[in-house]
Amino acid sequence: MPARISTGLLLLFLSWHLGINYRPATAKTLTPGAQTRTLATACASQLNFAIDKVINRPQFYRSRWGILIQKLQTQQTLYNRDGEKFFIPASNTKLLTTAAALKQLGANYRIRTSVYRNSDGVFRVVGRGDPTLTDEQLIELARQLKQKGITKIKHLILDDSYIQGDIINPSWQWEDLLSGDGTPVNNLIVDRNSFSLILSPQTVGKPLKLIWLNSEEKKQWQVINQSITVGKNEPSFLNISRDLQASTLQIQGQLPAGYQSQFVTLPVVAPAEYFWRRFRSVLAAEKISVQQTSIATSSGKNEVEVAAVNSPFLSEMVIMTNQNSDNFLAEALLRTLAIKKPAPNNQNTAATGLEVLKTTLTSLGVEVGSYVVVDGSGLSRKNLITPQALVQTLKAMTKSPQAEVFRASLPVAGRSGSLKKRFQNTPAVGTVQAKTGTLGGVFALSGYVNPPHYDSLVFSIMVNQTEQPASVVRQAIDEIVVVLAQLQRC
């Protein structure tokens with residue numbers, strides 16, 4: 001049994017498979033041990049019957065389905081099941097966030113991290129929430145300073161003022177805050193505000209060996225290791241929890257002797273301090289000394305930029321966000337949107353970003369009132385979006401200058417991102433581009449379909465309030481999409 005790594009809760013890994021019981025069919029392998037049956041034909045006139053047959057199965061009696069399917073180039077609706085009703089969208093929220101970011105900022109936008117020096121010789125590092133910054137960029141900043149002959153810094157200010165207010169959403173669930181899903185987004189980010197560990201089994205009866213990938217970070221934590229190495233035939237599981245305020249890490253669980261080491265990533269407690277520890281090491285390696293450091297807000301008067309690095313282009317960040325359903329990047333992009341709306345000091349940057357997002361969606365023609373969004377990633381269960389709002393967003397983006405980038409950011413069925421392992425050996429492979437979404441009891445898939453013998457389609461499928469396992473719900477969703485992928489006039 002593979003190890004199950006969670007933070008606060010044990011996670012079950014669920015297998016999944018596809019199936020369809022409509023008209024003569026042939027069986028095809030989806031994943032090892034799983035099968036799907038696909039239609040020999042899929043007539044548009046029979047679409048309602050095919051979909052209803054899936055969603056009206058007894059196991060979905062208590063589940064809520066929201067489905068809207070339209071032709072991409074017209075307003076013609078092929079299927080509608082509560083398409084105007086609210087559903088928790090999970091990561092389908094990222095479709096709205098990335099669409100707004102591309103529309104407002106442009107595909108070539110980059111987030112800049114700068115080092116300034118004023119006339120008094122005070123240096124100031126200004127981070128603007130670049131979620132992609134790593135040690136490599138910090139080294140580049142240090143080398144630029146060294147090239148300018150800077151070997152001693154009397155006072156270095158880490159400016160933590162660009163992003164104001166909450167760096168985590170107050171409506172996220174407890175387990176999200178303890179795991180990598182709810183990583184804080186602030187001004188000064190390095191390595192996604194996270195640190196990594198390797199847990200390895202030893203001889204039977206001994207605790208798991210803990211290997212820190214960052215020796216400096218090891219000094220910041222008190223570790224309570226209650227794990228154990230068990231016999232080869234014993235089950236494996238891990239439960240890792242941390243205090244949100246104090247640097248206490250508790251490790252529980254077991255791995256069999258000889259079992260493969262487990263890689264664990266957790267969010268840091270104090271992001272700005274974490275950034276400074278990493279930058280200090282880089283400066284020391286370049287033989288640049290720092291006498292005094294503070295984390296504060298500086299006026300920025302009489303300053304000259306002496307070093308800077310840029311993030312990848314926004315187009316690349318949007319692809320990373322949607323392909324891998326990256327919560328951290330989505331939250332960073334939401335806060336970046338705030339630059340399009342001047343706001344008074346101390347206004348919550350995420351809230352300002354949401355205001356820009358809503359204004360952008362209205363300009364795209366998305367119906368006001370068809371969505372309620374409180375974060376950029378979809379982690380919050382307070383997000384409410386209709387299938388109609390998602391379909392309107394997907395349609396509008398095909399007519400925008402950013403259409404090609406936006407569509408390229410979506411996973412391709414059977415080939416890339418979060419859809420790479422889904423739809424294998426079905427007609428949907430390569431013809432479906434869609435964004436996934438998953439929370440407990442929530443499943444979603446929204447995107448585009450290009451049937452070879454029918455008009456291009458746009459769709460949104462959301463399932464809420466279901467007690468069914470992920471394998472069962474995804475099977476049903478995928479059956480519907482496979483039908484769309486082979487739709488034809490007949």
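None of the figures in this text is laboratory data; all of them are computed from the coordinates on show. Given the structure is predicted, the values throughout are model-derived calculations rather than measurements. Neighbour counts are summed over all protein chains in view; Cβ atoms, including those assigned to glycine, are modelled from backbone coordinates with ideal geometry.
Below are the figures for this structure:
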{"quantity": "Principal-axis tilt of helix 387-398 within the chain, Cα atoms, nearest 10 degrees", "calculated": "70"}
{"quantity": "Packing-based ranking, highest mean first, of 421-434, 273-286 given that Cβ atoms within 10 Å are counted", "calculated": "421-434, 273-286"}
{"quantity": "Relative contact order for the stretch 111-311, counting Cα pairs under 8 Å that sit 6 or more residues apart, in percent", "calculated": "33"}
{"quantity": "Among 159-170, 212-223, the order from most to least packed when residues are scored by Cβ within 10 Å on average", "calculated": "159-170, 212-223"}
{"quantity": "Net dipole in debye of the stretch 111-311 [+1 Lys, Arg Cβ; -1 Asp, Glu Cβ; about Cα centre; nearest 20]", "calculated": "780"}
{"quantity": "Count of lysine pairs in the stretch 111-311 with Cα separation under 19 Å (8 or more residues apart, or interchain)", "calculated": "10"}
{"quantity": "Rg over Rh, two decimals, the stretch 111-311 (C-alpha only, Kirkwood Rh)", "calculated": "1.06"}
{"quantity": "Residue-span extension gain [residue 154 to residue 421] - 0.36 nm each, minus C-alpha spacing", "calculated": "90.7 nm"}
{"quantity": "Sparsely packed trypsin sites (Lys or Arg not before Pro) within the stretch 296-369, loop by DSSP, other Cβ within 10 Å at most 16", "calculated": "301"}
{"quantity": "Relative contact order, percent, the chain [alpha-carbon distance under 8 Å, six or more residues apart]", "calculated": "26"}
{"quantity": "Computed over the stretch 376-424: relative contact order in percent, which uses C-alpha pairs under 8 Å that are six or more apart", "calculated": "16"}
{"quantity": "Packing-based order for 230-238, 191-199, using average beta carbon neighbours within 10 Å, highest first", "calculated": "191-199, 230-238"}
{"quantity": "Shape parameters for the stretch 425-486, alpha-carbon atoms, Rg then Dmax in Å", "calculated": "11.9, 36"}
{"quantity": "Listed residues 473, 274, 173: farthest to the positive end of the dipole of the chain (Cβ charges)", "calculated": "473"}
{"quantity": "Order of 86, 263 - criterion: other Cβ atoms within 10 Å of each residue's Cβ, fewest first", "calculated": "263, 86"}
{"quantity": "Members of 103/395; 358/435; 53/420; 103/382; 103/358 lying beyond 18 Å, as alpha-carbon distances in this model show", "calculated": "358/435; 53/420; 103/382"}
{"quantity": "Calculated over the chain: convex hull of Cα atoms, volume per residue (Å³)", "calculated": "154"}
{"quantity": "Computed over the stretch 344-466, the ratio Rg/Rh where both radii use C-alpha atoms and Rh is Kirkwood", "calculated": "1.00"}
{"quantity": "Positive dipole terminus of the stretch 111-311, leading residue within 203, 255, 149 (C-beta point charges)", "calculated": "149"}
{"quantity": "Between helix 327-336 and the chain: long-axis angle, C-alpha atoms, 0 to 90°, nearest 10", "calculated": "70"}
{"quantity": "Viscosity 0.692 mPa s, 37 °C: Kirkwood-radius Stokes-Einstein D of the stretch 145-193 over Cα pairs, µm²/s", "calculated": "240"}
{"quantity": "Unit charges on C-beta of K, R, D, E only; dipole of the chain, Debye", "calculated": "660"}
{"quantity": "Rg to Rh, two decimals, where the stretch 128-220 supplies the alpha carbon set and Rh follows Kirkwood", "calculated": "1.08"}
{"quantity": "222 nm mean residue ellipticity, helices alone, for the chain (DSSP H n ≥ 4; -39,500 (n - 2.57); rounded to 500)", "calculated": "-8000 deg cm²/dmol"}
